[in-house]
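Before any comments, here is the structure.
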Amino acid sequence: MTQIVVIGGGAAGFFGAIKAAESNPKAGVTILEAAKEPLVKVRISGGGRCNVTHHCFDVSQLVNYYPHGGKALRGAFSRFQPQDTIKWFELRGVKLKTEADGRMFPSTDNSETIVNCLRESATFAGVDLRLNSPVKSVKKQEESFLIELKREEQIRADKLLIATGSSPFGYRTAQDLGHSLISPVPSLFTFQIADPRLKDLLGVAVDKVR
């Protein structure tokens, strides 16, 4: 049986694992997540509502919203773009709504709707989710990968998906496996302001602020 291992239990890791399991029903698909809970960033995104995608279906226009990588993204979006994302969730019973600025959220306005959808879809597809499983190292061995967990356990994988986001470990592992990387630049980031009065305003969005 082909063994597919996904390192990282975020949105990308879950989506990749689900797609791999659905495309290869006879394969064993495992997600290795270092934390005790998966999809943590999904829960807090969009102020707890989870902005899933954007209501822009013109690929040539869509790539202009990204400061870098437009050429590479054009190819990716020609295969899977926001319309496909909407259909993917609708097939699983999740309806999305569009707000005035084009952002799309679940109609429930609750990120837990997306979390539950991803977890249930993974379970239905037969994906094995392993929490508290931080990876120590990955080594290429001929046609497979040897993954060593920090608790001294070893796992063999025929296929490997690194979905660790901006984790330095992910970058380092990719380079160790022979990939060349372009230095990342900030895209989404938060302000760090040491003022306790702002704490209760977390997630509040208003127009025309200066």
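The values are calculated or read from the model by the stated rules, or taken from the named source; none is laboratory data. Everything numeric here is computed off the predicted structure, so don't read it as measured data. Here the Cβ is made from the backbone with ideal geometry for all residues, glycine too, and neighbour counts use every protein chain on show. Accessible surface areas use protein heavy atoms only, side chains included; no ligands, DNA or RNA. Shrake-Rupley method; radii C 1.70, N 1.55, O 1.52, S 1.80 Å.
The table below gives the values:
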quantity: Meets criteria (touching a Ser or Thr at 6+ places or on another chain (Cβ under 9 Å), more than 17 Å from Gly9 (Cα to Cα) and in contact (Cβ under 8 Å) with a residue 60 or more places away in the chain) for Asp158; calculated: yes
quantity: Residue list for the stretch 22-33, restricted to those being among the hydrophobic types (A, V, I, L, M, F, W, C) and in a strand (DSSP E or B); calculated: Val29, Ile31, Leu32
quantity: Residue match in the stretch 121-134 (condition: farther than 23 Å from Lys19 by Cα and either part of a strand (DSSP E or B) or hydrophobic (A, V, I, L, M, F, W, C) (or both)); calculated: no
quantity: Residue under evaluation Phe124, criteria (1) under 30 Å from Thr2 (Cα atoms); (2) in contact (Cβ under 8 Å) with a residue 24 or more places away in the chain; (3) open to solvent by 40 Å² or more (accessible area, probe 1.4 Å), criterion not met; calculated: (2)
quantity: Candidate set from the stretch 31-67 (those that are open to solvent by less than 20 Å² (accessible area, probe 1.4 Å) and touching a strand residue (DSSP E or B) at 6+ places or on another chain (Cβ under 8 Å)); member that is modelled with the lowest pLDDT; calculated: Leu62
quantity: Selection status of Arg172, over 30 Å from Leu91 (Cα atoms), open to solvent by 90 Å² or more (accessible area, probe 1.4 Å), in contact (Cβ under 8 Å) with a residue 40 or more places away in the chain and not aromatic (Phe, Trp, Tyr); calculated: no
quantity: Qualifying residue in the stretch 191-202 (condition: open to solvent by less than 70 Å² (accessible area, probe 1.4 Å), outside any loop (DSSP other than H, G, I, E, B) and either free of Cβ contacts under 8 Å to residues at least 24 places away in the same chain or closer than 22 Å to Thr53 by Cβ (or both)); calculated: no
quantity: Looking only at the stretch 9-20, and only at residues there that are open to solvent by 10 Å² or more (accessible area, probe 1.4 Å) and either at pLDDT below 95 or of a type outside the set (D, E, K, R) (or both), the one that is nearest to Thr108 (Cα to Cα); calculated: Ala11
quantity: Residue check for Gly28: modelled with pLDDT under 95 and open to solvent by less than 70 Å² (accessible area, probe 1.4 Å); calculated: no
quantity: Matching residues, the stretch 135-161, being open to solvent by 60 Å² or more (accessible area, probe 1.4 Å), under 22 Å from Ala20 (Cα atoms) and in a strand (DSSP E or B); calculated: Lys139, Lys140, Gln141, Gln154, Arg156, Lys159, Leu161
quantity: Flag for Gly9 being in contact with an Asp or Glu (Cβ under 7 Å, 6 or more places away or on another chain) and either closer than 29 Å to Asp128 by Cβ or part of a helix (DSSP H, G or I) (or both); calculated: yes
